[in-house]
Amino acid sequence: MDVPIEKKTFSKSKLAMLGGGLAIVALIAFVISQTAGGSKLNVEKERIAINTVTKGVFQENIPVNGIVLPITTIYLDALEGGRVEEKFVEDGAMMKKGEPILRLSNTDLELSLINQETSVYNLLTQMQISQNAARQNTITKLNQFTDVENSLIEAKRVYDLNKILYEKDAIGRQDYESSKNDYTYQKQRMKLAKEVLREDSTSTKQELGQAKSSYVRTQSALELMRRKVGDLVVRAPIDGQLTALDAEIGQSKNKGERLGQIDVLSGYKVRVDIDEHYISRIYNGQKGLVTLNNKPYTLVIKKVFTQVNNGRFQVDMQFEGDVPEGIRRGQNLQIKVALSAEKQAYLIPKGGFFQNTGGNWIFKVSEDGNTAYRVDIRLGSQNTEYYEVVEGLNTGDKVITSSYDTYGETQELILK
């Protein structure tokens, strides 16, 4: 028995799936044809940036941010700890050197001053007593010396007389020898008295010198203690404006604690943060440029802080020549710091193309302006506005400097 064969037909869903597959294959083929070597891509001129290569003065620089600070800042630290008893001025006051800012109290320090003064007065009294005793001792020894001297004179007179009488047999030998021995004895006493007097003078001088030296040291310690107590009154060390004052009545301050600062307003400096990548290329004397109110001003690096924090280091810059009018502390400035001297070079404006090409190639526009094709180039230094072209382009060449994100591996652009 024959079985009838049913004729197969395509459903609408199958036909739709087949059509979709063919469309995908066609799209893939189109993409491959467009991205293959030597492919072309249509681009609207209105959507791209075309710039001309020029030759001019080039200087490598980097953009940095700086903050305006007073030319000099003197910090006020508590030289001695204590309790804030009195404030003479408020934060922001203009100060003259030596004017009081606030007064601290320190009972222990003041008591130490009293004890030191008492020690000095006691030592001075003891010195006076010692000097009086030394003078009295010297007077006594001088009186003794006078007695010895008088005895020597008398013994010599008797000896000389007896010698004459003895030679004339007017007196006996016994009287002569007695007067001779007495004269010899008195000479020895005189010699000893002179030695005692000399040693007494030396000893007195030494004692007096030691006493004076001790007094001077004690007096110096007293003066030091008085200065320490005087430091409880905090005074302005220089003319300027008092800022950041951190002290309230009744507040306790430790020795060395920051109380505030004095800003010298005779000039300004700019504290600049720079990426550590440039630390080997930054040095004193380098210049920067800032534009304020459409007027350029030059700054010079005066100090480089080589300590790196969070990948950045700092420099201090000062204005060379005129200082901008109306500049204020805390104001932020955008500065271009020069890294090289000026020179002549081929230049192209900076653009998004660099992120795609790394500066190794660029799309160069044909002379008729209808197409653009890849050319190999080599870029040198850069600044905030331009790249330096080392090779691959010449003056007058037109290039596309906008982003190449959508171009892929396209070798030629059709400009419409």
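Close amide H partners of LEU245, meaning residues 5 or more places away or on another chain with modelled amide H under 5 Å apart, are GLY92, GLN261. Computed over the chain with a Gaussian network model linking Cα atoms closer than 10 Å, the most mobile of LEU111, LEU242, LEU347 is LEU111. Distances between placed amide hydrogens fall under 5 Å for MET95 paired with GLY240, GLN241, LEU242, all partners being 5 or more residues away or on another chain. Cβ-Cβ distance of ARG281 and LEU111, R₀ of 51 Å, FRET efficiency by 1/(1 + (r/R0)^6): the value works out to about 0.30. Using only the alpha carbons of the stretch 336-407, what is the convex hull's orientation-averaged projected area in square nanometres? Mean projected area for the stretch 336-407: 5.2 nm², to one decimal.
Whole number in Å², please: accessible area per residue of the stretch 331-416, 1.4 Å probe, ligands, DNA and RNA not counted. Per residue, the stretch 331-416 has an accessible area of 50 Å².
Whole-Hz Karplus values for the stretch 410-415 come out as 4, 9, 9, 10, 9, 8 Hz, taken residue by residue from phi with 6.51 cos²θ - 1.76 cosθ + 1.60 and θ = phi - 60°; glycine and proline positions read x. Highest GNM mean-square fluctuation among ALA244, ALA155, ALA341, for the chain modelled with Cα contacts below 10 Å: ALA155. Placing R0 at 51 angstrom, the Cβ-Cβ distance between LEU339 and LYS97 gives a FRET efficiency of 0.80 after rounding to 0.05.
Expressed in Å, the radius of gyration and Dmax of the Cα atoms of the stretch 119-240 are 28.6, 105. The Rg/Rh ratio of the stretch 372-416, with both radii computed over alpha carbons and Rh defined as the Kirkwood radius, is 0.98. If R0 is taken as 41 Å, the Cβ-Cβ distance between ASP160 and SER130 corresponds to a FRET efficiency of 0.40. At q = 0.24 Å⁻¹, what base-10 log of I(q)/I(0) does the Debye formula yield for the stretch 276-355 when every alpha carbon is treated as an equal point scatterer in vacuo? Values returned for q = 0.24 Å⁻¹ are -1.21.
Here the accessible area of the chain is 51 percent carbon and sulfur, with a 1.4 angstrom probe and all protein chains present. Shape summary of the stretch 202-338, radius of gyration then Dmax from alpha carbon positions: 25.1, 84 Å.
Panel note: the C-alpha atoms of the stretch 93-175, placed on their principal axes, show extents of 108, 28, 10 Å (largest first). Over the C-alpha trace of the chain, radius of gyration and Dmax come out as 51.1, 207 angstrom. Proximity of backbone amide H atoms, modeled 1.01 Å from N, is registered between GLU257 and ALA78 at under 5 Å, excluding neighbours fewer than 5 places apart on the same chain. Between PHE88 and ASN42, the contour length at 0.36 nm per residue exceeds the Cα-Cα span by 8.8 nm.
The values are calculated or read from the model by the stated rules, or taken from the named source; none is laboratory data. Because the structure is a prediction, the values reported are computed rather than measured. Cβ: placed from backbone, ideal geometry, glycine included. Neighbour counts: every protein chain shown. Remember, those area values only see protein heavy atoms, side chains included, never the ligands or the DNA or RNA. Shrake-Rupley method; radii C 1.70, N 1.55, O 1.52, S 1.80 Å.
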